[in-house]
Number of protein chains: 2
Amino acid sequence: MLKAERHQYIMTKLVEDQKVVTTDLALALDLSEDTIRRDLNELDSKKLLEKVYGGAVQVSEKSANIFDVYISQEEQKKQIVRKALSLLRDDQVIIMSGGSTNLVFAKLIPADLKATIYTYSLPIAMQLSQHPNIDLIFIGGKMQKNAMVTIGMDVIQVVSKIKADICFIGASSINIKQGLTEIGYEISIVKKAMIEASDKVVSMFSSDKLDTKMPHGVCELTKLNTIVTDLDPNDAQLEEYRKSGVFIL
Amino acid sequence: MLKAERHQYIMTKLVEDQKVVTTDLALALDLSEDTIRRDLNELDSKKLLEKVYGGAVQVSEKSANIFDVYISQEEQKKQIVRKALSLLRDDQVIIMSGGSTNLVFAKLIPADLKATIYTYSLPIAMQLSQHPNIDLIFIGGKMQKNAMVTIGMDVIQVVSKIKADICFIGASSINIKQGLTEIGYEISIVKKAMIEASDKVVSMFSSDKLDTKMPHGVCELTKLNTIVTDLDPNDAQLEEYRKSGVFIL
DNA sequence: TTATTTATTGCATACAAATGCATTTTTATT
DNA sequence: AATAAAAATGCATTTGTATGCAATAAATAA
């Protein structure tokens, strides 16, 4: 009896009885329990069943929701993005980068805003697809799976053809000298293209990103029209940024 | 009796009665109260119920998430797609359309499969972005927000340049004369392009789609290599489809 | 074909999990 | 505060599991 046959038998039995017991299978198939256990582990790793102590059961119905995106310090981020809502106007063409701050922003966009939004972030697109009045365009390409954004030349090509009124760029790091910097090269390129494509550039980030740097430059501070943080615009921490001429919300 | 079964029993009982009592369960399952308590504590730590003095009660309804995608008759769909898993091979280039059946399929793709998958469905991309070994390419364009898929010329252009080994197409309707048909014109066009781009065409759908029609044609039955339904391949309902030469899984 | 490698299987052994019982601690109720 | 029920804790026993190893079967190369 081939292994594949055995697996088929086990899966059939599992559907019939909702469960299988290691010892029963060993008896029925005339094999050692070891072999059965190895089979069950193999099927488990393929997510075809769930191995449990003594046998296996069908894959659990609940299937943990993949679509839950955890947002750290959501309250703080809400405070930031609420300020940025004042920058929105009807009929704008908007580009949004990824990042959890932008995701929170997307959640809070008023239901009556009519606008066209380009994004390359999967969670942001999911969020905006719930919005009744937004024309949503997803910028396709190869997915960077952990960040759930598309990257690469396809993205650059599309972005560079957009003529947007405003773009909202998340920030990994920002400081006076280098301006915006990113940990990933590819993301930095995409953000450069976003900035070129937009009349107005807004960056939202929490204050712990201030005065930090990453390897890949995105743009000088002077390219930014507006930055939005959790701090009061007059906060001492923002002194140098104020001097650079960027508008602080 | 496996522990998993017991937990299942407890959860069922909990839904029926809104509560469970330690001593009753011990009696009903013929186990010591200690074991029941350990079970209840375990389920509590998994947030599946709330342990209280003397037993356990239901956990308060968890908040509905925007990202929750409701799948009707998920069990039936699982049965369908499980059959289709046998069509997957390492190193295939795959195109997947949208639809909840395909979403269920995406969930069940074994973790060790290495493949490249193109899709234009947001939920499917979210799902596949969790998969460790799949190269995922999202096909961008204007979002059709209710279906959470991209549509339009951008999609067609990308799809028509793909050379795929296999495509998985959801079906709105299928019948002998017209073959696959769709309610939306744009989706029908995209699906046509998918079929052209793929060596092998697979369509998965539940049997209630059989012998129904929609306004926009996608393809004749003969263009399909394989169809997968919840029915047994030899079911009388599939008689005419068998005659058409399409392989039925 | 034969030789070599690789995968599969069963066994022995050490290890971990599950369970019930006795005992102590905690909790709810009067 | 007193009491009875429930829960926690430590322990012994049973049962299931992981691991290395050897024998065998299957696949691949020469």
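The values are calculated or read from the model by the stated rules, or taken from the named source; none is laboratory data. Just so we're clear, the structure is a prediction, and the values are computed from it rather than from any experiment. Here the Cβ is made from the backbone with ideal geometry for all residues, glycine too, and neighbour counts use every protein chain on show. Accessible surface is based on the protein model in full, side chains and every heavy atom, while ligands, DNA and RNA are left aside. Shrake-Rupley method; radii C 1.70, N 1.55, O 1.52, S 1.80 Å.
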Please indicate, with yes or no, whether at least one residue in segment A:39-56 is among the small types (Gly, Ala, Ser) and farther than 30 Å from B:His131 by Cβ. no
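If you go through segment B:236-246 one residue at a time, do you hit one that is under 24 Å from B:Ile94 (Cα atoms) and open to solvent by less than 40 Å² (accessible area, probe 1.4 Å)?
Of all residues in segment B:236-246, those under 24 Å from B:Ile94 (Cα atoms) come to B:245-246.
From what's left, open to solvent by less than 40 Å² (accessible area, probe 1.4 Å): B:246.
So far as segment B:236-246 goes, yes, one or more of its residues are under 24 Å from B:Ile94 (Cα atoms) and open to solvent by less than 40 Å² (accessible area, probe 1.4 Å).
Taking the stated definitions as given, is B:Ala64 hydrophobic (A, V, I, L, M, F, W, C) and at pLDDT below 85?
Details: hydrophobic (A, V, I, L, M, F, W, C): yes; at pLDDT below 85: yes.
Here the answer is yes, as B:Ala64 does meet what is asked.
Can you tell me how many residues in segment A:92-126 are in a helix (DSSP H, G or I), open to solvent by 20 Å² or more (accessible area, probe 1.4 Å) and at the interface with another protein chain (Cβ under 10 Å from one of its Cβ atoms)?
So the first thing to find is which residues in segment A:92-126 are in a helix (DSSP H, G or I), and the list is A:100-108, A:122-126.
In the following step, the residues that additionally are open to solvent by 20 Å² or more (accessible area, probe 1.4 Å) were identified as A:100, A:107-108.
With the extra rule that they be at the interface with another protein chain (Cβ under 10 Å from one of its Cβ atoms), the set shrinks to A:107.
The total comes to 1.
If you check A:Ser188, A:Ser207, which single one turns out to be over 19 Å from A:Ile139 (Cβ atoms), hydroxyl-bearing (Ser, Thr, Tyr) and open to solvent by less than 60 Å² (accessible area, probe 1.4 Å)? Give the steps one after another, and end with the answer.
Working: A:Ser188 fails: over 19 Å from A:Ile139 (Cβ atoms).
That would be A:Ser207, the only listed residue that is over 19 Å from A:Ile139 (Cβ atoms), hydroxyl-bearing (Ser, Thr, Tyr) and open to solvent by less than 60 Å² (accessible area, probe 1.4 Å).
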Here are some residues: B:Ser97, B:Ser86, B:Ser129. Which one is in contact with a Lys or Arg (Cβ under 7 Å, 6 or more places away or on another chain), of a type in the set (Gly, Ala, Ser) and touching a residue at least 24 places away in the same chain (Cβ under 8 Å)? B:Ser97
Of all residues in segment A:130-139 being open to solvent by 10 Å² or more (accessible area, probe 1.4 Å) and farther than 17 Å from A:Ala197 by Cα, which is farthest from the other protein chains (Cβ to nearest Cβ)? A:Asn133
Considering only segment A:31-62, state which residues are open to solvent by 70 Å² or more (accessible area, probe 1.4 Å) and within 7 Å of DNA strand C (Cβ to nearest atom). A:Asp34, A:Arg38, A:Tyr53
Give the residues of segment B:146-155 that are more than 17 Å from B:Ile71 (Cα to Cα) and open to solvent by 10 Å² or more (accessible area, probe 1.4 Å), sorted by residue number. B:Ile151, B:Gly152, B:Met153, B:Asp154
Considering every residue within segment B:76-89, establish whether at least one is within 16 Å of DNA strand D (Cβ to nearest atom) and out of contact with any Phe, Trp or Tyr (no Cβ under 7 Å at 6 or more places or on another chain). yes
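Condition check ((1) out of contact with any strand residue (DSSP E or B) (no Cβ under 8 Å at 6 or more places or on another chain); (2) among the aliphatic types (A, V, I, L, M); (3) modelled with pLDDT of 95 or more; (4) not assigned by TED's automatic domain parsing to the domain that holds B:Ala106) across all residues:
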position	(1), (2), (3), (4)
B:Gln130	yes, no, no, no
B:Phe138	no, no, yes, no
B:Ala164	no, yes, yes, no
B:Met204	no, yes, yes, no
Which of the residues belonging to segment B:1-46 are within 14 Å of chain A (Cβ to nearest Cβ), more than 10 Å from DNA strand D (Cβ to nearest atom) and not in a helix (DSSP H, G or I)? B:Met1, B:Lys46
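At least 1 residues that are without any contact (Cβ under 8 Å) to a residue 60 or more places away in the chain and in contact with a Lys or Arg (Cβ under 9 Å, 6 or more places away or on another chain) in each: list the strands (runs of 3 or more DSSP E) lying fully within segment B:148-249 that qualify. Can you show your working first?
Numbers: elements: B:149-151, B:164-170, B:173-175, B:179-182, B:198-204, B:216-219, B:226-228.
Answer list for segment B:148-249: B:149-151, B:173-175, B:179-182, B:198-204, B:216-219.
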